[in-house]
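Taking it in order: structure first as structure tokens, then the write-up.
Read the figures in this text as sums done on the coordinates, not as results from a lab. All figures in this text were calculated on a predicted structure; none of them were measured in a lab. Cβ placement follows ideal geometry from the backbone for every residue including glycine, while neighbour counts extend to all protein chains displayed.
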Amino acid sequence: MTESSEATPERLDQRLERGAIDVDDVIEIARMLAVHLDAEHEAGRSDGAIVPARVELTQGHAPRLLEAKDENRAHKCYVAPESWDAEPTPRGDQFSMAAILYEALCGGRAFPGDDSMKIRVSVTTGSRVPLAARVPGLADAVDDVFAKALSLEPEERYPSCAAFADALVTAIERSRDGAPVLVQKPMSRPPSTRPPPMLDAWDDDEEPPIPWMKVTVGLILLAVIAALLALSGKQ
């Protein structure tokens, strides 16, 4: 970041309303989060509240992590699936860290959706747009790093947040070798101004809600088909 005597702090969630941030800033955020989270994990604690609103950016200064607030602990588009109905875990913190860095790199959430069902389906089906498709010049290796850190299975993620940050920085630097300047691809639509839905909006305990309307329509269609076959058999 360029030094400025009049630099004003800005939260990452506010900055992301204007789109993706500079790749160098993403690297700094990754390093900062890795140091904080690994220190927490080594002390036997999990953060459980890693969201863009806690990352403060100031031009000319390193990013810093703000104190967690109650509302930071329920933004489900950044929550690891194993923590939806359980206590946060170190691997879950890594998942949240990865979701934030993905969004910072491309300007769009890793798991989009404006309600709990859409986000849950997006997470559990892995329907995430590859970063290379959103950021020209970004190597597939970068997306491979995110695929590992955002894995549904905690044990398939990196052993530590520092390991994840190291792998990410290495992949980004290799992308620079092939494309000196990584230009952020404009988003097809402006970033959503709606805040991420909160976990307490979920009505279910473990499984996503059953789409009863679709089930009902399907049963009706099957009944109609069965009746038509019965009539044709009598003729």
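Data for the structure
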read-out	value
Mean projection area, nm², convex hull over Cα of the range 44-136	7.2
For the range 87-98, Karplus couplings with θ = phi - 60° (6.51, -1.76, 1.60), whole Hz, Gly/Pro x	6, x, 10, x, 5, x, 4, 5, 4, 4, 4, 5
Amide hydrogen neighbours beyond the local backbone of Val55, cut-off 5 Å, H modeled	Leu12, Asp13, Leu66
Dipole in debye (nearest 20) - the range 41-115, about Cα centre, beta carbon charges: Lys, Arg +1; Asp, Glu -1	220
FRET efficiency, 1/(1 + (r/R0)^6) with R0 25 Å, evaluated for Ala62 and Glu42 via beta carbons	0.70
Per-selection metrics, the range 21-76 (Cα): Rg and Dmax in Å	11.9, 33
Normalised contact order of the range 70-142, rounded percent, pairs of Cα under 8 Å and 6 or more residues apart	23
Pairwise label distance in nanometres, Asp140 with Lys69, each label 7 Å out on the Cα-Cβ vector	4.3
Extension reserve of the Leu152-Leu228 stretch, reckoned as 0.36 nm per residue once the Cα distance is removed	22.9 nm
More than 21 Å apart - percent of Cα-Cα pairs taken over the range 1-155	43
